[in-house]
Ligand SMILES: Cc1cc2nc3c(=O)[nH]c(=O)nc-3n(C[C@H](O)[C@H](O)[C@H](O)COP(=O)(O)OP(=O)(O)OC[C@H]3O[C@@H](n4cnc5c(N)ncnc54)[C@H](O)[C@@H]3O)c2cc1C
């Protein structure tokens, strides 16, 4: 069940989606179970995604990207997620956060040095906002940046950095205000960090429930010396840049969640045809039919919300509320649909012989990262009053 005929897509959008679907089927799905079991990050996947242009989808052609619209990017991302959610998160973070931040607020020199190779997939990007003691309340972060001559010196620990073990370019947020002159969210800068800088260390690697082939790590900045030329945009605007980029990032996570949910539905449809109990395929039991009908309806609704929001973004509209609604609806759909899928598989859904067990574990994080479901509801409620 692909819902292919539902959205009004152009021929170009269809062909990019089909390319992503074929690549997922040939180069990702056959390995996803092993990558998960071994918690293996396959670097060659980055090279292959780069060769297809999938790591520069939203970057203009003048910087070696594909310069595509948001709808096309999300269609490709959903297909990669349907093949493997871990592969999708590296693609989502890279395309939505560090590259978009450098594109929007970077200097010409930063675009040449960092954006161009990122667009080609030669350099992988990561985004480091969270810290051990600041997650939802991200503006309370404590990593400190101190100006010293031509450098900034950063001290602190960033947490939960997706692709942090292998990233070549990390956009990290750190306080640029001082202990005597705290400016809250307006006292945070965004810095372009490379792992070769003195004082950069990869810390604890998280042992996660799902997304096991996407490495998530702490990054420790121990008097990390960052050239002043690596400051992104204005000195106290890094948090605002990060929040604006997350509007975009949330659509990526929604696409990832839709891909997971769609895959769980597809596996359930085929299992329900093949599994016989009480003398007939379980798909002929009405209780199972109702589950499948509800799963398909919720996936279709989540996708409609997602691509409606993406089309609004492509028209240049502000999508803070719709981005949060898309992420909330899609992530809760992914969790619900994968739960139903495990139920349809019965005991076989609870073991690793079938993919729905992995999909169920992978779905959970979509309700947590890039803003938990509670935070999305806070954003939506605030926007409801702001836009009245
Ligand atoms: C696999 C994974 C990958 C990640 N990748 C990245 C990354 O690449 N870069 C990055 O910067 N971060 C990343 N994160 C961090 C992620 O964004 C945070 O985990 C998330 O924002 C929640 O923060 P927290 O875990 O500190 O939870 P907390 O903020 O401590 O929240 C705990 C609970 O309290 C609730 N809560 C908090 N405040 C409120 C409130 N005001 N009202 C109601 N409820 C509230 C939350 O919803 C949650 O249920 C990743 C996380 C994971 C698990």
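Here the Kirkwood formula, the inverse mean of 1/r across different C-alpha pairs, assigns region 271-320 a hydrodynamic radius of 13.2 Å. Compared with the dominant principal axis of the Cα atoms in the chain, helix 320-345 is inclined by about 40°.
Per-residue Cβ neighbour counts within 10 Å put 166, 267, 248 in the sequence 166, 267, 248, beginning with the fewest.
Inter-part distance, region 281-299 to region 112-150, computed on C-alpha centroids, equals 44 Å.
Its alpha carbons considered, the chain gives a radius of gyration followed by a Dmax of 21.0, 79 Å. To the nearest ten degrees, helix 11-23 and the longest principal axis of the Cα atoms of the chain are 80 degrees apart.
The residues 327, 291, when put in order of fewest to most other Cβ atoms within 10 Å, stand as 291, 327. Among 15, 86, the ranking by other beta carbons within 10 Å of each residue's beta carbon, starting with the fewest, stands as 15, 86. Counted over the chain, the DSSP beta bridges are approximately 85% antiparallel. Largest GNM mean-square fluctuation among 333, 366, 165, using the chain with Cα springs under 10 Å: 165. Once each part is reduced to its C-alpha centroid, what is the distance from region 220-267 to region 1-32 in angstrom? Between the Cα centres of region 220-267 and region 1-32 lies a distance of 24 Å. The angle between the Cα long axis of helix 286-314 and the longest principal axis of the Cα atoms of the chain comes to about 30 degrees, rounded to the nearest 10. For the chain, the relative contact order is 17 percent, taking Cα pairs closer than 8 Å that sit 6 or more residues apart in sequence and dividing their mean separation by the residue count. Mean-square fluctuations from a GNM of the chain, with a 10 angstrom spring cutoff on Cα atoms, peak among 69, 207, 84 at 207. Each principal axis of the Cα atoms in region 1-107 has its own extent, and those three values, largest first, are 41, 35, 18 angstrom.
Rule-based calculations on the coordinates, nothing more; no lab input. Small disclaimer: the values here were computed from a predicted structure and weren't measured. Neighbour counts are summed over all protein chains in view; Cβ atoms, including those assigned to glycine, are modelled from backbone coordinates with ideal geometry.
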